[in-house]
Amino acid sequence: MSADAWAVTLAIGERAHSKLKSERVDRVSENQDPARGRMAGLDRQSQDRRIDDTMLIREAQRGNRGAFEELVRHYDQAVLRLALHLTGTEHDAQDVYQDAFLKAYKNIGSFRFECSFYTWIYRIVTNLCLDHLRKKNVRKEEAPVAKDADGGEYSLLDQVPDARAGANPERDLLRRQLGARIAGALEKLTPRERMVFELKHYHGLKLRTVGEILHTTEETAKNTLFRATQKLRGALADMR
């Protein structure tokens, strides 16, 4: 690894470590109300941002490391949140986060401006997460949910205390139970079904964009989303 790549890795790693603290709290609230509006901002980037990104990419392609680090600052929260949603654990999310930006740094010279930078970086993240989920399905060594003494499943991330003033214990319990059921249902989807569902409903992306990220068509993404939704409805039918 070159000295520049190593320096970028260190900078990204430090940023990931500091941001995971706030992302853990964000994840708790998202189980109750998916942050579609917050993440949808990426799908509605202004023309000014696109122009700004283009300038930064061109500078990064000329070897300007500062320009690439500015791109990281533009998208680090979105990338980290996506990795956390798709892997389900902080450790794996941080690994994906670092690997994604390091891969982007090494391949920035091959960026051809055929899509936006966020579509490109999302594609890198989703591919890394797909690899992770496929390996986990084979190994079955770890799961994003744990079991309590009665055998029920719960999300580890949902155990983060709600420190907001006036938090309602009963409502908090119901939210955690709902979050655990949703997490368990998502685990039963195929990696690609889960990916499409997460990108569409948790990150507010259009199916056309989801198709671009996953190197498939909008119609295929739509069919995959339909299958995922039907499976989730079946798994959560008793909660209606």
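At 1.4 Å probe size, put M55, M195 in order of accessible surface, largest to smallest.
Greatest to least solvent exposure: M55, M195.
Longer than 26 Å from Cα to Cα, which of K136/K231; K103/K222; K103/K136; K106/K188; K106/K206; K188/K222 are they? Say none if no pair is.
Over 26 Å Cα-Cα: K103/K222; K106/K188; K106/K206.
Apply the Karplus curve 6.51 cos²θ - 1.76 cosθ + 1.60, θ = phi - 60°, to the phi angles in the range 59-66 and return the couplings in whole Hz, x for Gly and Pro.
Working through the residues one at a time gives 5, 5, 5, 7, x, 7, 5, x Hz.
I'd like to check one number: the per residue accessible area of the range 195-240, probe 1.4 Å, reported in Å² as a whole number.
54
Full-extension gain between R123 and R65, please, as 0.36 nm times their residue separation minus the C-alpha to C-alpha distance.
Length difference between fully extended and current span is 18.7 nm.
Take D131 and T216, extend 7 Å from each Cα along the Cα→Cβ direction, and tell me the distance between the two endpoints in nm.
It is 2.0 nm.
What accessible area per residue, rounded to a whole number of Å², is obtained for the range 56-106 using a probe radius of 1.4 Å?
I get 37 Å² per residue for this part.
Sorted by packing (mean other beta-carbon atoms within 10 Å per residue), highest first, where do 120-129, 67-76, 227-236 land?
Peptide ranking by packing, descending: 120-129, 67-76, 227-236.
The values are calculated or read from the model by the stated rules, or taken from the named source; none is laboratory data. Quantities reported herein were computed from a predicted structural model and do not represent experimental measurements. Every residue, glycine as well, gets a Cβ built from its backbone with ideal geometry; the counts of neighbours run over all protein chains shown. Areas reflect the complete protein model, heavy atoms only, side chains present, ligands, DNA and RNA absent. Shrake-Rupley method; radii C 1.70, N 1.55, O 1.52, S 1.80 Å.
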